[in-house]
1. Kindly indicate whether residue 181 is touching a strand residue (DSSP E or B) at 6+ places or on another chain (Cβ under 7 Å), farther than 23 Å from residue 49 by Cα, modelled with pLDDT of 65 or more and in a helix (DSSP H, G or I).
2. May I ask you to list the residues in the range 144-178 that are part of a loop (DSSP other than H, G, I, E, B), in contact (Cβ under 8 Å) with a residue 40 or more places away in the chain and in contact with a helix residue (DSSP H, G or I) (Cβ under 9 Å, 6 or more places away or on another chain)?
3. Quick one: what pairs do we get from the range 56-72, first residue within 10 Å of residue 163 (Cα to Cα), second part of a loop (DSSP other than H, G, I, E, B) and modelled with pLDDT of 85 or more, C-beta under 6 Å, 6+ apart or different chains?
4. Under the condition of being within 22 Å of the chain's Cα centre (by Cα) and closer than 14 Å to residue 155 by Cα, which residue from the range 208-222 is surrounded by the fewest Cβ atoms within 10 Å (Cβ to Cβ)?
5. Quick one: count up the residues across the range 67-94 that are touching a strand residue (DSSP E or B) at 6+ places or on another chain (Cβ under 8 Å), surrounded by fewer than 21 Cβ atoms within 10 Å (Cβ to Cβ) and part of a helix (DSSP H, G or I).
6. So in the range 161-178, with the set limited to residues that are out of contact with any strand residue (DSSP E or B) (no Cβ under 9 Å at 6 or more places or on another chain) and surrounded by fewer than 22 Cβ atoms within 10 Å (Cβ to Cβ), which one is modelled with the highest pLDDT?
7. Kindly evaluate residue 187 against the criterion of being closer than 21 Å to residue 96 by Cα, at pLDDT 75 or above and touching a strand residue (DSSP E or B) at 6+ places or on another chain (Cβ under 7 Å).
8. Mind telling me which of the residues 50, 17, 21 ends up being part of a strand (DSSP E or B), modelled with pLDDT of 90 or more and not assigned by TED's automatic domain parsing to the domain that holds residue 163?
């Protein structure tokens with residue numbers, strides 16, 4: 001059964017979420033603060049996180065960024081904020097989806113399942129190697145590949161930690177090396193047509209991938225920009 005961590009300090013909304021998701025056969029733990037949420041990541045081991053951005057001990061999109069640094073599981077932000085700018089900031093900070101309160105519980109369930117469909121084991125493990133290790137590494141382990149079981153990118157034998165969306169973009173690139181993808185195609189691949197994301201968020205994900213994978217992100221070897229169109233992957 002899927003484990004859902006709900007970080008929501010409003011007692012009415014929190015109770016509604018807990019009751020509904022429990023009835024829908026999810027295992028739910030709800031906490032009311034960022035501090036409790038960070039602790040629950042390790043003790044409850046959730047598969048997905050529902051995060052309110054206005055908590056008593058922290059608030060704002062930097063809160064989403066903090067949780068993204070702690071985990072690679074899907075994060076759905078639930079917020080009273082309705083401005084497009086707030087959605088863009090949350091997605092850019094690492095959220096995988098954004099729902100404005102009040103929202104339909106059925107819509108929440110559909111969006112949760114949409115992001116979970118693309119996840120098997122979203123807890124990547126980073127492995128560090130020295131230069132000497134890389135020099136003695138077999139040629140078959142050199143270069144860039146995907147570890148489908150761990151949902152990680154492997155670069156010269158190292159498992160590179162990525163967010164959910166970064167991994168989905170790289171998986172699409174690997175399936176179609178050399179193909180030029182428009183930003184709209186990448187949006188649909190990462191979110192699904194009904195989920196919120198924009199061109200700017202795709203550019204942020206690609207920039208972050210280049211920082212993690214490229215020796216010189218300003219002169220990328222793997223992810224090339226095709227000006228006026230989008231991006232392509234050179235394997």
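The values are calculated or read from the model by the stated rules, or taken from the named source; none is laboratory data. Bear in mind the structure is a predicted one, so any value in this text is a computation, not a measurement. Ideal geometry is used to build each Cβ from the backbone, glycine not excepted, and the neighbour counts take in all protein chains shown.
1. Criteria not met by residue 181.
2. To start, the set of residues in the range 144-178 that are part of a loop (DSSP other than H, G, I, E, B) comprises 148-151, 156-157, 161-163, 176-178.
Okay, now just the ones that are also in contact (Cβ under 8 Å) with a residue 40 or more places away in the chain, so 151, 161-163, 176-178.
Scanning the range 144-178 gives 151, 161, 162, 163.
3. Cβ pairs passing all conditions: 68/94.
4. So the first thing to find is which residues in the range 208-222 are within 22 Å of the chain's Cα centre (by Cα), and the list is 208-214, 217, 222.
Applying the additional criterion that residues be closer than 14 Å to residue 155 by Cα yields 209-214, 222.
Numbers: 209: 26, 210: 18, 211: 9, 212: 15, 213: 19, 214: 15, 222: 20.
The selected residue is 211.
5. Residues that pass the stated criteria total 2.
6. Per the stated criteria, the residue is 175.
7. On the way: closer than 21 Å to residue 96 by Cα: yes; at pLDDT 75 or above: yes; touching a strand residue (DSSP E or B) at 6+ places or on another chain (Cβ under 7 Å): no.
No: the conditions fail for residue 187.
8. The conditions single out 50.
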